[in-house]
Amino acid sequence: MPQVTLTVNGKQHTVEVEGRTLLVELLREKLRLTGTHVGCDPSQCGACVVHVNGDSVKSCTTLAVMCEGAQVTTIEGLAAPDGTLHPMQEAFREYHALQCGFCTPGMVMSAVDLVRKNPQGLSEKEIREGLEGNLCRCTGYHNIVKAIAAAQEVMHGRRASLAAAAE
Amino acid sequence: MYDFAYHKPATLADAVKLLAADPDAKAISGGHTLIPALKLRLNRPSALVDLSGIAEMKGIRREGDALVIGALARHVEVAENAEVKAAIPALAYLAAHIGDVQVRNRGTIGGSLANNDPAADYPAAVLGLGATLHTSKRKIAADDFFLGMFTTALEPDEILVAVSFPIPERAGYAKMKNPASRYVMAGAFVSKGPMGVRVAINGAGPCVFRQAAMEAALAANWSPEAVAAIKQDPEGLNSDIHGSAEYRAHLVTVMAKRAVAAAG
């Protein structure tokens, strides 16, 4: 049986997998990191988005064996060790950017990647385009976009806090 | 998904050997078409040969009057590459509008071309620019590469290594996306340059094709108005829940106009 060694949220794991094991299955079933969700399965909905070597990817459409040596970050790896939320998580809470919460881990991971790669700042339109790969069936997009717009100000140090970003 | 053996060769020669030795083995790069197909059990390969470690299939470089893009270049790399943006901005634009961010972070130009989905974007650029496809065995002209729906001139043990795009004087791409799936309903890639005037239509038919009447009209008068009156025959175009052949035929003219306008 193939083995794959990868680093997840800063911790190295060596896991036995099948060729067909998906990255999301490795995360949820082998490492019990169940924050990453499976929504649609054929890579439409984005509930399974994680970061692999610094890029947001759909872990339901990535084979675990192809992640040998990869650095993976899941939603569990975003907050600080003391539990302090990442600015994006804090913004989602502050702006009520979720209803049922199923899409939220993928939304947050996509949003963090989007903001990191656009230090110049994103317009509302650009945020909406950047979320094309994430579906929310509670129709919560409006507040999600607001949360991301506020979080980018904090992530890029233009505002000290979300309260300051709202002004 | 049925299980399969997994190989990750370090060289092109080893990858070819693995594919030649096992007719039921399949090559994989980004996997963003193959993995969904495997999940649906549309395909049952005995083994997957992962091409992602093969150095000679990587990189984007300018070679004289051509832009050479390695088959493993991900869509995001083509979209953001400074050489591509400078030499063929329409190609960078096309790459930046494939699927969604996560698809662009994994999907590759080689995978898209070897799969030849009727609704894929890259075949339009390759045919519309008259590119040359470099494989592990030979060089294939774009006009000889796309044979039909999901079918190319590639043999089972032949691997696409790179694509060489002649740099055009001007080029443009426009597509109508299905609002839910983001796949192309009809698209047009137009160019004028060393390969003449070319108009490639994707999404509308079972396979990307050239629109000869539009090419002739644009050769005489390069302007959106030149193609505006040319109607595409709906005969043989795709007809499905997303749109009838007549609707797609109408879109072909609209997209061609927009592509010429985008090319400037």
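We did not get these values from a lab; they are worked out from the coordinates using the rules stated. In this text, all values refer to a predicted model and were calculated from it rather than measured experimentally. In this analysis, Cβ positions are derived from the backbone assuming ideal geometry, glycine residues included, and neighbour counts consider all displayed protein chains.
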* Expressed as a whole number of Å, what is the distance separating the alpha-carbon centroids of segment A:99-116 and segment B:22-59? -> 29 Å
* When you take every Cα atom in chain A, what is the radius of gyration, and what is Dmax, the widest Cα pair distance, in Å? -> 15.9, 56
* Rounded to the nearest Å, what's the spacing between the alpha carbon centres of segment B:195-264 and segment A:126-160? Just the number, please. => 37 Å
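Here are some pairs, B:Lys17/B:Lys139; A:Lys58/B:Lys139; B:Lys8/B:Lys39; A:Lys58/B:Lys8; which of them have Cα atoms lying more than 25 Å apart in this structure? If you can, show how the numbers build up before the last one.
Numbers: B:Lys17/B:Lys139 19 Å; A:Lys58/B:Lys139 34 Å; B:Lys8/B:Lys39 21 Å; A:Lys58/B:Lys8 21 Å.
Long pairs (Cα-Cα over 25 Å): A:Lys58/B:Lys139.
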* Asked: How much length is gained if the chain between A:Asn53 and A:Val38 is pulled fully straight, taking 0.36 nm per residue apart and subtracting their Cα-Cα distance, in nm to one decimal?
  -> 3.3 nm
* Where is the GNM fluctuation largest for chain A (alpha-carbon springs, 10 angstrom cutoff): A:Cys103, A:Cys40, A:Cys136? -> A:Cys40
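Less than 12 Å Cβ to Cβ from B:Pro118, Lys/Arg counted +1 and Asp/Glu -1: what total charge do the surrounding residues give? Intermediate results must be reported in sequence, preceding the final value.
Values: positive: B:Arg248; negative: B:Asp117, B:Asp121, B:Asp240.
Charge balance in the 12 Å sphere: -2.
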* Amide H contacts of A:Ala79 (H built 1.01 Å from N, under 5 Å, at least 5 apart or other chain) -> A:His86
* Using only alpha carbon positions, build the gyration tensor of the protein assembly as shown, then give the equivalent ellipsoid semi-axes as the square roots of 5 times its eigenvalues, largest first, whole angstrom. => 37, 28, 19
* To do: Mind checking which aspartates and glutamates have their Cα closer than 18 Å to the Cα of A:Lys125? Skip sequence neighbours fewer than 8 apart in that chain.
  => A:Asp113, A:Glu153, B:Asp100
* Structure fact -> If amide H atoms are modeled at 1.01 Å from N in the peptide plane, then the residues at a separation of 5 or more from A:Gly19, or on another chain, having amide H under 5 Å from its own are B:Phe4
* Structure fact -> Taking the alpha-carbon centre of each part, the distance from segment B:62-91 to segment B:131-184 in Å is 14 Å
* To do: Normalise the Debye intensity by I(0) for segment B:135-256, one equal point scatterer per Cα, no solvent, then take log10 at q = 0.12, 0.17 Å⁻¹ and round to two decimals.
  => -0.50, -0.94
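Provide the percentage of antiparallel DSSP beta bridges, counting only those with both residues in chain B; round to the nearest 5. Don't skip to the answer; put the middle values down first.
Details: 37 of 44 bridges.
Beta bridges within chain B, antiparallel portion: roughly 85 percent.
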* **Mean Kyte hydropathy of -0.5 or more with a Cα span along the axis of at least 15 Å, helices from DSSP in chain A** => A:104-116, A:141-155
* Asked: Measuring from the lowest to the highest alpha carbon on each principal axis, how far does segment B:1-51 reach, largest first, in angstroms?
  -> 31, 20, 12
* To do: Take segment A:1-96, compute every pairwise Cα distance, and split them into 5 Å bins from 0; I just need the percent in each bin.
  => 3, 14, 23, 25, 18, 10, 5, 2, 0, 0
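What does the helix-only formula give at 222 nm for chain A: each DSSP H stretch with n ≥ 4 adding -39500 (n - 2.57), the total divided by the residues, and the result rounded to the nearest 500 deg cm²/dmol? Can you show the working numbers first?
Working: 5 runs with 47 residues, N = 167.
Using -39500 (n - 2.57) per qualifying helix, the result is -8000 deg cm²/dmol.
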* Pop the C-beta distance of A:Glu124 and B:Ala13 into the FRET formula with R0 = 51 Å and round what comes out to the nearest 0.05. => 0.50
* Asked: Setting aside same-chain residues fewer than 8 positions from B:Lys231, which lysines have a Cα under 27 Å from its Cα?
  -> B:Lys175, B:Lys177, B:Lys192, B:Lys257
* To do: Could you line up B:Val76, B:Val254 from fewest to most neighbouring Cβ atoms inside 10 Å?
  => B:Val254, B:Val76
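Largest first and in whole Å, what are the equivalent-ellipsoid semi-axes of segment B:106-148 based on the Cα gyration tensor, each being the root of 5 times an eigenvalue?
Values: eigenvalues 49, 32, 18 Å².
Equivalent ellipsoid of segment B:106-148: 16, 13, 9 Å, largest first.
Kindly provide the trypsin sites (Lys or Arg not before Pro) of segment B:150-241 that DSSP labels as loop, not H, G, I, E or B, and whose Cβ sees at most 13 other Cβ atoms within 10 Å.
Values: sites: B:Arg170, B:Lys175, B:Lys177, B:Arg182, B:Lys192, B:Arg198, B:Arg210, B:Lys231; in loops: B:Arg182, B:Lys231.
Of the trypsin sites (Lys or Arg not before Pro), the ones in loops of segment B:150-241 whose Cβ has at most 13 other Cβ atoms within 10 Å are B:Lys231.
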* So for segment A:3-77: antiparallel DSSP bridges make up what percent, rounded to the nearest 5? -> 85 percent
* To do: Set Lys and Arg Cβ to +1 and Asp and Glu Cβ to -1, take the dipole of the protein assembly as shown about its Cα centre, and tell me which of B:Ala261, B:Ala37, A:Thr21 lies farthest positive.
  => B:Ala261
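If you average 1/r across every pair of different Cα atoms in chain B and take the reciprocal, what Kirkwood value do you get, in Å?
Numbers: mean 1/r = 0.0538 Å⁻¹.
Mean inverse Cα-Cα distance, inverted, gives 18.6 Å.
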